[in-house]
Amino acid sequence: MHKSFLEKLGKQEFFTEFNDISLLKFTAFFHDIGKIYTVKQKFKGHDIKGKEIILNSINKELSLGKKASEFIGNLVGSHLEIFRLLALKESDNLTNKDLNFFWFRNKNLIPHLFILAYADAYATSENEEYLKKLELFVIFLQEYYFDIYTKEVIEQPLLNGKEIMEILNIKPSPIVGKIKEELQKKQIEGKIKIKEQAIEFIKELYYNTAT
């Protein structure tokens, strides 16, 4: 794992006496808790259900605090993403869009998410070939982050709400927030990289919606 990610381990402090390593261990213990409620669906969606349980029931019972419960809940909710991306890669269906949104959603959970994926895989599989593929894929994900994502994806909104309203000559309304959201999606996809492209996009989006 890249040293810039490893350096983050143990550095996060929470309202409780736990740090991020303690919470990672807690997450490993509870990461599949959603399976109890998704048996009939063959555990489909157990990651999302598990996050819901962490953020509600378990947080209320253990009083972890908002920051700690969100950290655990987000890890639980994302713990299958690496495996899903690997499956897409194996079937030649993995796109830069998939990779971009993975990093956008999870960059603050790295390296915890990588460690959780390793632990999950090694605890449930004896297929050495698959485990080796997982290791190589994690390396691939990191290479993509440094070589492509950080260089080509603009996360910071290119237009703020005030600018959008001025460009489109509209007043404050929910539509401004929706436009900002759609613009950011296009930025994460890598389709919009400069302000001029952002202006053209919101104009086309707004006028096509209005007509």
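The values are calculated or read from the model by the stated rules, or taken from the named source; none is laboratory data. In this text the structure is predicted, and so the values were computed from the model without any measurement. Neighbour counts run over all protein chains shown; Cβ positions are idealised from the backbone, glycine included. For the accessible areas, the whole protein counts, side chains as well, though only heavy atoms, and no ligand, DNA or RNA atoms are used. Shrake-Rupley method; radii C 1.70, N 1.55, O 1.52, S 1.80 Å.
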List every residue pair whose Cβ atoms sit under 7 Å apart, with the two residues 6 or more apart in sequence or on different chains, where the first one lies in the stretch 181-192 and is over 11 Å from VAL153 (Cβ atoms) and outside any loop (DSSP other than H, G, I, E, B) and the second, anywhere, is at pLDDT below 95 and not hydrophobic (A, V, I, L, M, F, W, C).
-> LEU183/PRO157
Go through (1) under 20 Å from ASN100 (Cα atoms); (2) open to solvent by 40 Å² or more (accessible area, probe 1.4 Å); (3) of a type in the set (Asp, Glu) and name the single condition GLU189 misses.
-> (2)
Selection from the stretch 141-159 of residues open to solvent by 60 Å² or more (accessible area, probe 1.4 Å) and in a helix (DSSP H, G or I) yields GLU143, PHE146, ASP147, THR150, LYS151, GLU152
LYS162 vs. criteria surrounded by 12 or more Cβ atoms within 10 Å (Cβ to Cβ) and either part of a helix (DSSP H, G or I) or in contact with a Cys (Cβ under 8 Å, 6 or more places away or on another chain) (or both) = no
Output for Cβ contacts, cut-off 6 Å, separation at least six or different chains, first residue closer than 17 Å to PHE101 by Cα and β-branched (Val, Ile, Thr) in the stretch 153-165, second open to solvent by less than 60 Å² (accessible area, probe 1.4 Å) and modelled with pLDDT under 95, reads VAL153/GLY190
Criterion: modelled with pLDDT under 85, part of a helix (DSSP H, G or I) and farther than 25 Å from PHE140 by Cβ - qualifying residue of LYS40, LYS49 | LYS40
Are any residues in the stretch 78-93 assigned to a helix (DSSP H, G or I), of a type outside the set (Asp, Glu) and at pLDDT 95 or above, and if so, which ones?
-> ILE82, PHE83, ARG84, LEU85, LEU86, ALA87, LEU88, LYS89
Give the residue, chosen from ASN96, ASN100, ASN108, that is closer than 30 Å to PRO157 by Cβ, open to solvent by 20 Å² or more (accessible area, probe 1.4 Å) and at pLDDT 95 or above.
-> ASN96
Going through the stretch 52-77 one residue at a time, which ones are in a helix (DSSP H, G or I), modelled with pLDDT under 85 and open to solvent by less than 60 Å² (accessible area, probe 1.4 Å)?
-> ILE58, ASN59
